[in-house]
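Data first, discussion second: the structure below is written as structure tokens.
The values are calculated or read from the model by the stated rules, or taken from the named source; none is laboratory data. Predicted, not measured: the structure shown is a model, and the values here were computed from it. Glycine also receives a Cβ, built like all others from the backbone with ideal geometry; neighbour counts cover every protein chain displayed.
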Amino acid sequence: MFTEKGTHEGYRILLRNPGFEFTPMMLGKIAAFVVHPPAEQDGPDEGPGVFAFMYPLLDGELDEAALIELALVIVKEQIDRGHLAEHTYEWRHGQWSQALRPRWWVSVSF
């Protein structure tokens, strides 16, 4: 169900398979990452983080592997900032931009 994309500062970064998935409710594809803190930090104060990235199919043919790599940079930056929670991003103007409460994402509480 998940593919390990590596670790960063002890945090495990997992990509939900198969990566970007078509969503029939909209003309876009979504990829989601789950980030687990190191075992010694896992507790009631710090659970897993979720990062979701959506790009519109109207942008034409995009290199999904490159989009995943750019998304990983953002995930690692948020780990460095200590921001795990839940984050959503949309591909706009050639870059990932944070999207607050987008209609395409159903929030999940841990």
Picking from PHE51, PHE33, the residue that is in contact with a Leu (Cβ under 6 Å, 6 or more places away or on another chain), surrounded by 12 or more Cβ atoms within 10 Å (Cβ to Cβ) and at pLDDT 95 or above would be PHE33
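Return the residues of segment 72-89 that are modelled with pLDDT of 95 or more, within 11 Å of the chain's Cα centre (by Cα) and under 12 Å from VAL35 (Cβ atoms); say none if nothing qualifies.
First, pick out the residues of segment 72-89 that are modelled with pLDDT of 95 or more: 72-80, 87-89.
If we keep only those that are within 11 Å of the chain's Cα centre (by Cα) too, we end up with 72-76, 78, 87-89.
LEU72, ILE74, VAL75, LYS76, GLN78, HIS87 - these are the residues of segment 72-89 that are modelled with pLDDT of 95 or more, within 11 Å of the chain's Cα centre (by Cα) and under 12 Å from VAL35 (Cβ atoms).
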Reported set for segment 82-110 where residues are under 12 Å from GLY28 (Cβ atoms) and among the aliphatic types (A, V, I, L, M) is ALA99
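Does HIS93 satisfy the criteria of being out of contact with any Leu (no Cβ under 8 Å at 6 or more places or on another chain) and touching a residue at least 24 places away in the same chain (Cβ under 8 Å)?
Working: out of contact with any Leu (no Cβ under 8 Å at 6 or more places or on another chain): yes; touching a residue at least 24 places away in the same chain (Cβ under 8 Å): no.
When the stated conditions are applied, HIS93 does not pass them.
A quick yes/no check of all residues on (1) polar (S, T, N, Q); (2) without any contact (Cβ under 8 Å) to a residue 60 or more places away in the chain; (3) exposed (fewer than 15 other Cβ atoms within 10 Å of the Cβ):
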site: THR3; (1), (2), (3): yes, yes, yes
site: GLY19; (1), (2), (3): no, yes, no
site: LEU27; (1), (2), (3): no, yes, yes
site: ASP63; (1), (2), (3): no, yes, yes
site: THR88; (1), (2), (3): yes, yes, no
Condition set charged (D, E, K, R), in contact with a strand residue (DSSP E or B) (Cβ under 7 Å, 6 or more places away or on another chain) and outside any helix (DSSP H, G or I), scope segment 60-102, selection farthest from PHE20 (Cα to Cα): answer is GLU86
For segment 69-86 the number of residues that are without any contact (Cβ under 8 Å) to a residue 60 or more places away in the chain, among the β-branched types (Val, Ile, Thr) and surrounded by 12 or more Cβ atoms within 10 Å (Cβ to Cβ) is 1
